[in-house]
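Trainee: Quick one: the structure is below, and I'll ask about it shortly.
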Amino acid sequence: MFKRRHNHKAKSITVYLEGEKLAAREGESVAAALLAHGTGDFRRSVISGGPRAPYCMIGVCFECLVEIDGVANRQACLVPVREGMRISRQYGMREVAPEIVP
Amino acid sequence: MSRDYDFAIVGAGPAGLAAATLAAELGLKSIVFDEQGAPGGQIYRAIEEVSGTRPGDGSILGKDYQYGLEPVRAFRRSGAEYAPGTSVWDIASDGALAVLREGKAWRVRAARVLLAAGAMERPVPFPGWTLPGVMGIGAAQALFKGAGLVPDGAVVLAGSGPLFTLFAVQLARAGVPVAALLMTAQKNNSWRALAHLPAALRAGDYLARGLSMMRELRRAGVPMISGVSNLSAVGDEGLKAVEYIAGGVRHSLQANLLLVHEGVVPNTQLAMAAGCNHCWDEPGRYWRTESDEWGDTGTGIIASAGDCSGIGGARAAEHAGRLAALDAAHRLGRLDAGERDRRAKRDLAARARHMRIRPFLDTLYPPPPWLRHPPDETLVCRCEEVTAGELRRVAAQGCPGPNQAKAFTRCGMGPCQGRMCGLAVAEIFAKAHGVPVSEIGYFRVRPPLKPITVGELAEVAL
Ligand SMILES: Cc1cc2nc3c(=O)[nH]c(=O)nc-3n(C[C@H](O)[C@H](O)[C@H](O)COP(=O)(O)OP(=O)(O)OC[C@H]3O[C@@H](n4cnc5c(N)ncnc54)[C@H](O)[C@@H]3O)c2cc1C
Ligand code: FES
């Protein structure tokens, strides 16, 4: 879907998607790093199980929710990559955070 | 943790940056919160990084983008405090903000609060829009600005409006091939828009730049198909094809990326949570935060400026931000009314000039009726997977509007809290009940506006 344009001088960073090593660039979002890697789906719909991926890239659609370093429901389009970060896609049925508050 | 400020601003886009810079100059202790990692907002996203390490990308993005470096630099020099990577997830009517950064939550109190939360792309439900491989044009542009990514493979752009054309031009400059531009603006819009042409011509060079972008696209040989309707995305694990009607015929195009854009609408979530008044803007077909010429919302402490109080674009937002700062300084006793008014003259006039293009654009590029009223099988609420057909069915059973639809269908109750479906739901109910959208209303917005864990919540000093 997306590829990197060549002229990028930023420092390279290693992150892990479900154990697999990915090369990311300093300053980019987790969503950008996954899309550059060719990740198709970021999570599954908690209703139908259908595949979902980032839609808005500005923090409003919540389609990019992934687990980062053990914390679920992080917005991948807003979180910058960091060296050694562990990312997993959200495949299970999961209550999403806004609903834990009455 | 609790800190105190004269002026707290949400959003480091053109409006928030201009407000903070001027407020700091006027001696207000100011802070700007933004969930992005760097200042610039949507239009000037990553401008510092692009200018510093990717100047080639800066040239592709063009002059209107590069313009943003100066306001960002002025903000950095201003002495205003800056909290990047920080989401505002609640706001009380007394203006107390609840913020969250990297797992730390705290409250902030300020004498004056400015909401400069900007806009989002208008969410337009159509069959298949939840498939991976379908996203907003602004989303793809954010990937280019923020990470230097460009679309790859069989790419189709669909929609209308200035950002649609701008991104098509940016892709052409970047040498990215596009399979087709599917243009959804209806032909008779142009006739209606003519009435607003005289005002548009006095708005600066918006029209000239629009025409020059169209010429650039033609020169680049980008395939353009006009009069497109009934768009749908087809695939199972991801997008495989785009279907549409043009010239009365159904077409199908192989594609692995479909980028859609039907204009931008105000991001009103915060202002709604704070209890500010909102009104339905008929020409723009969106809700906007009501405010006076200074941005004051009439709630006592909270002001609103820039695209969140009605779409005006980046330059209008910048002037609106300055006006809100002048008014804040006045209300906090740092400027008398005469001085405020004197200093406001230039910004008032400039904002009015930039706004003159809007009636023309709103008339030329309204969301087309087939997108406002998608077929029954379309998922309108992406989170809870509620279809247009289900909404019509509950409307026919007597469900009056969006808030009751929550109880009937869970529509709007997922993680996006109605941000993606709210406008479409209101349009569907308005049509079903035969009343204007203004009478249908919007979802009641409840905090937290962002995902927050119980642990993080517990940390907030209440
Ligand atoms: C994706 C996108 C791309 C765009 N690209 C262009 C372009 O290239 N050219 C153009 O002319 N116009 C563009 N626009 C139109 C744009 O809305 C305006 O031109 C301009 O950016 C508006 O300025 P603003 O200051 O009102 O808001 P914005 O620039 O939108 O800034 C608002 C800021 O508020 C922050 N924010 C919002 N809610 C919260 C919260 N709860 N907590 C913390 N921070 C928050 C956001 O992260 C954002 O940085 C774009 C719009 C969108 C949605
Ligand atoms: S992609 Fe929409 S919230 Fe992250």
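Trainee: Please work out which residue is surrounded by the most Cβ atoms within 10 Å (Cβ to Cβ), limiting yourself to region A:44-70 and to residues that are more than 13 Å from ligand 2 (Cβ to nearest atom) and at the interface with chain B (Cβ under 7 Å from one of its Cβ atoms).
Mentor: In the first step, residues of region A:44-70 are kept if they are more than 13 Å from ligand 2 (Cβ to nearest atom); the result is A:44-51, A:67, A:69-70.
From the residues that got through so far, the ones that are at the interface with chain B (Cβ under 7 Å from one of its Cβ atoms) too are A:45, A:47-48, A:50-51.
Values: A:S45: 19, A:I47: 16, A:S48: 11, A:G50: 17, A:P51: 21.
The residue in question is A:P51.
Trainee: Restricting the first residue to region A:53-80 and requiring it to be outside any loop (DSSP other than H, G, I, E, B), which pairs with a second residue that is open to solvent by 10 Å² or more (accessible area, probe 1.4 Å) and near ligand 2 (Cβ under 6 Å from one of its atoms) meet a Cβ separation below 9 Å and a spacing of at least six or different chains?
Mentor: Filtered contacts from region A:53-80: A:L65/A:Q75; A:V66/A:Q75.
Trainee: Among the residues of region B:57-78, is any away from ligand 1 (no atom under 14 Å from the Cβ) and open to solvent by less than 20 Å² (accessible area, probe 1.4 Å)?
Mentor: no
Trainee: Do we have B:L457 as at pLDDT below 95 and part of a helix (DSSP H, G or I) here?
Mentor: yes
Rundown of residues vs (1) in contact with a Leu (Cβ under 7 Å, 6 or more places away or on another chain); (2) under 22 Å from A:F62 (Cβ atoms), yes/no style:
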| residue | (1), (2) |
| --- | --- |
| B:G138 | yes, yes |
| B:A168 | yes, no |
| B:R173 | no, no |
| B:V176 | no, no |
| B:R192 | no, no |
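Trainee: When you go through (1) out of contact with any Cys (no Cβ under 9 Å at 6 or more places or on another chain); (2) more than 16 Å from ligand 2 (Cβ to nearest atom); (3) not acidic (D, E) one by one for B:L259, which number turns out not to apply?
Mentor: (2)
Trainee: Among what's in region B:275-316 and is among the aliphatic types (A, V, I, L, M) and open to solvent by less than 10 Å² (accessible area, probe 1.4 Å), pick the residue that is farthest from B:R353 (Cα to Cα).
Mentor: B:I302
Trainee: On to the next question. Looking only at region B:62-76, which residues are charged (D, E, K, R) and touching a residue at least 40 places away in the same chain (Cβ under 8 Å)?
Mentor: Hit for region B:62-76 is B:D64, nothing else.
Trainee: Could you check, for region B:95-105, whether at least one of its residues is open to solvent by 20 Å² or more (accessible area, probe 1.4 Å), at positive phi, within 11 Å of another protein chain (Cβ to nearest Cβ) and away from ligand 1 (no atom under 14 Å from the Cβ)?
Mentor: yes
Trainee: Looking at this structure, is B:G295 within 18 Å of the chain's Cα centre (by Cα) and at pLDDT 95 or above?
Mentor: Spelling it out, B:G295 is indeed within 18 Å of the chain's Cα centre (by Cα) and at pLDDT 95 or above.
Trainee: Among what's in region B:2-54 and is modelled with pLDDT under 95 and of a type in the set (S, T, N, Q), pick the residue that is farthest from ligand 2 (Cβ to nearest atom).
Mentor: B:S2
Trainee: Quick check: is even one residue across region B:222-231 under 19 Å from B:G133 (Cα atoms), in contact with a strand residue (DSSP E or B) (Cβ under 7 Å, 6 or more places away or on another chain), outside any loop (DSSP other than H, G, I, E, B) and not β-branched (V, I, T)?
Mentor: If we filter region B:222-231 for residues that are under 19 Å from B:G133 (Cα atoms), which is where we start, we get B:230-231.
Narrowing the set further to residues that are in contact with a strand residue (DSSP E or B) (Cβ under 7 Å, 6 or more places away or on another chain) leaves B:230-231.
Narrowing the set further to residues that are outside any loop (DSSP other than H, G, I, E, B) leaves B:230-231.
Remaining after also requiring not β-branched (V, I, T): B:230-231.
Yes: region B:222-231 contains one or more residues that are under 19 Å from B:G133 (Cα atoms), in contact with a strand residue (DSSP E or B) (Cβ under 7 Å, 6 or more places away or on another chain), outside any loop (DSSP other than H, G, I, E, B) and not β-branched (V, I, T).
Trainee: Go over the candidates A:R86, A:R94, A:R52 one by one and state the one that is modelled with pLDDT under 95 and more than 16 Å from ligand 1 (Cβ to nearest atom). So that I can check it myself, show each step before the final result.
Mentor: Numbers: A:R86 fails: modelled with pLDDT under 95; A:R52 fails: modelled with pLDDT under 95.
Exactly one of A:R86, A:R94, A:R52 is modelled with pLDDT under 95 and more than 16 Å from ligand 1 (Cβ to nearest atom), namely A:R94.
Trainee: If only one of B:C276, B:C308 is out of contact with any His (no Cβ under 7 Å at 6 or more places or on another chain), more than 14 Å from chain A (Cβ to nearest Cβ) and outside any strand (DSSP E or B), which one is it?
Mentor: Criteria check complete, one pass: B:C276.
Trainee: Among the residues of region B:15-30 satisfying the criterion of being assigned to a helix (DSSP H, G or I) and among the small types (G, A, S), which is farthest from B:A316 (Cα to Cα)?
Mentor: The extreme case among them is B:A24.
Residue-by-condition table, conditions (1) within 25 Å of B:L163 (Cα to Cα); (2) within 14 Å of ligand 1 (Cβ to nearest atom); (3) within 14 Å of another protein chain (Cβ to nearest Cβ); (4) surrounded by 24 or more Cβ atoms within 10 Å (Cβ to Cβ):
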{"position": "B:D6", "(1), (2), (3), (4)": "no, no, no, no"}
{"position": "B:P14", "(1), (2), (3), (4)": "yes, yes, no, yes"}
{"position": "B:A23", "(1), (2), (3), (4)": "no, no, no, yes"}
{"position": "B:G27", "(1), (2), (3), (4)": "no, no, no, no"}
{"position": "B:G37", "(1), (2), (3), (4)": "yes, yes, yes, no"}
{"position": "B:G40", "(1), (2), (3), (4)": "yes, yes, yes, yes"}
{"position": "B:I47", "(1), (2), (3), (4)": "yes, yes, yes, yes"}
{"position": "B:S51", "(1), (2), (3), (4)": "yes, no, yes, no"}
{"position": "B:R54", "(1), (2), (3), (4)": "yes, no, yes, no"}
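Trainee: Out of B:G58, B:G52, I need the residue that is assigned to a helix (DSSP H, G or I), over 13 Å from B:A8 (Cα atoms) and in contact with a Ser or Thr (Cβ under 6 Å, 6 or more places away or on another chain). Which one?
Mentor: B:G58
Trainee: Continuing with this model, one more query. Do you know which of the residues in region B:302-345 that are among the basic types (K, R) and without any contact (Cβ under 8 Å) to a residue 24 or more places away in the chain is farthest from ligand 2 (Cβ to nearest atom)?
Mentor: B:R342
The values are calculated or read from the model by the stated rules, or taken from the named source; none is laboratory data. Since this is a predicted model, take the numbers as computed values, not measurements. Virtual Cβ from ideal backbone geometry, glycine too; neighbours counted across all protein chains shown. These accessible areas exclude ligands, DNA and RNA; they are computed on the full protein's heavy atoms, side chains included. Shrake-Rupley method; radii C 1.70, N 1.55, O 1.52, S 1.80 Å.
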